[in-house]
Amino acid sequence: MKLFSNGRSLHRRRMRCSRLWSLALMVMLTGSVSACGSTQSESVPSPVPTDSNLLFPDTSYASVGIIVYQVDLFDSLTDGMPTNLDDLYGAAPGIFTFRGGAFRDAPFVGHVQGRPDTVSVDWCFSTGYDGRVTDYGVWGGGTGWTGQPLYVCWPDSCMERFRSESTHLTRHFSSKELIVGSLASRVYFIDFETGDSSRHSIAVHNPIKGTVSLDPTLNGNLYVGQGIPASRPFGAMVVNLFQHKVTDFYPQDRKAWRGWGAYDSSPLRVGNFLFRPGENGTIYKYRVVGDTLKLHSTLKFKTKGRNAAGMEASLAAYRNYGYISDNHGHVLCFNLATMQPVWCYDNHDDSDASPVLAIEDGHPFLYTGSEVDKQGAGCCYVVKLDALTGALVWEQRFDAGRGMMGEKKFDGGLFATPLLGRGNCEDMLFINVVTNAKPGMKGDFLALNRKDGSVCYRIQQKRYAWSSPVALLNENNEMFVFTADVQGCVYLYDAKRGETLLCQQVGLNFEASPIVVDNHVVIGSRGRKIYRLTVKQSHP
């Protein structure tokens, strides 16, 4: 049903995108399908305007027909077009959201000398512990999936304001600060250099599984989503760092198509709007004025004949198009201005890994993959899609299954967000795949060719990895990959050669994704610990 909640015609509210230019699209699909192998398609990419202010067309492809959707407008007086379409996170002084920005492509690349083969612990920060028994167990402390830290280099203007307005700073407060949402139901602030508390933690009442998101305009807003209902109410919130308190709370939406109030997705700011996907099957669009949020519109969608699915992935965006995946395997592109779906791709199974955007020869493409959840046993589908049309460029499939530990199940497939190659590996894509190969809880690190999806190499890890890999480059522009598994092991790989340079036990369970700053990696674990590590060559 294509209606706004106030009854206005959808077409009256459509933006002026198509008046600006006309986009001719031609897609030619070829290829064959085999069991758990690869499928390649050839597409003729549509021309993309070079002016970043021009918009993609307000159109809808036939693939949208696989879903039922509804757009509701709550603010009819405000134009839905974002004031600008630049990636605000690119100019932010640090790492402000999951995987660093609107492309979710982890632009925070580390730097090392030589050929790194050593990882040492600089410091270890201990979180609290939430021992409340929930319907889903005890969540404890530390960080879970996706649980990525944020890193901020506060400008002088913010430092002065914090010092003059806040009574919650510690003597270790400094301009280089880490912000971490924890399973201990608190947000923690850590001095990047020393590992000490930089300000008092903030109680958020329920465990956080996802990655918190800091507003890149430096208005002080930290966007936090609760992950598990240890208490009610349960939902999403805004924490104002200047006031050092929760300033807005959004409880479970009774009008959502799915009755679940979790928010693992890391919200994204585009222009004057904040986009927040929920695990209730709804994408919320808020207008941001100063540090105040006002609901502008929502998009609900689901498969025909099925209940709505949740969105645990984080939204990617390019110009006026947004990209998200859900628990039913939909990969959805929608217009950020109108909230109307543009195309929808069925990727077979639950898809929690965030889609990654890449501009190749001036054209946008999307990389993402599925889990092996509803299949029980089957294939993890890793795909490259034309980001303008949703056409399949290639598909690579990997055998995976469900692992069991007592009565607890562990699904297979892709939980970690893919990593685009850098430096001498720009033609490659790196992924962690949960295979659950015998004797169980196994996983592989793989490098794929970005052009055709072929496997460059494959390395079996001690245990599977939900944590997303990060990149480091040396003085010769050679790329190395750091990643971690659920047994607490960290790995260093020579990304081009496919050589394992290090496998070392550090923590207990690294579900969370890391960040890298220079040659330092910050990563949280289950079991109350957050680590800063140094990556280096042992004998220069």
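Normalised by the number of residues in region 10-536, the mean separation of alpha-carbon contacts (under 8 Å, six or more apart) gives a relative contact order of 16 percent. Charge tally around TYR367: other residues with Cβ under 11 Å, Lys/Arg +1 each, Asp/Glu -1 each, net +1.
Using the average count of surrounding beta-carbon atoms within 10 Å as a protection proxy, the listed peptides 266-274, 191-199 rank, highest first, as 266-274, 191-199. For region 10-536, what ratio Rg/Rh do Cα atoms give with a Kirkwood hydrodynamic radius? For region 10-536, the value is 0.94. Peptides 85-93, 165-173 ranked from most to least packed by the mean count of surrounding Cβ atoms within 10 Å: 85-93, 165-173. Our summary gives region 185-298 a relative contact order of 17 percent, counting only alpha carbon pairs under 8 angstrom and 6 or more residues apart. Pairs from the list LYS245/LYS462; LYS408/LYS536; LYS408/LYS451; LYS300/LYS384; LYS176/LYS409 with a Cα-Cα gap above 32 Å: LYS245/LYS462; LYS408/LYS536; LYS408/LYS451; LYS176/LYS409. Averaged over residues, the count of other Cβ atoms within 10 Å places the peptides 369-380, 290-301 in the sequence 369-380, 290-301, highest first.
Can you classify region 407-540 as rounded, prolate or oblate using the Cα gyration tensor, where a ≥ b ≥ c are the square roots of its eigenvalues, rounded means a/c under 1.5, and otherwise it's prolate if a/b beats b/c and oblate if not? Oblate is the answer for region 407-540, as a/c is 1.5 or above yet b/c matches or exceeds a/b.
Each reported figure results from applying straightforward, stated rules to the coordinates on display, with no laboratory input. Everything numeric here is computed off the predicted structure, so don't read it as measured data. Cβ sites come from the backbone with ideal geometry, for glycine too, and all protein chains shown count toward neighbours.
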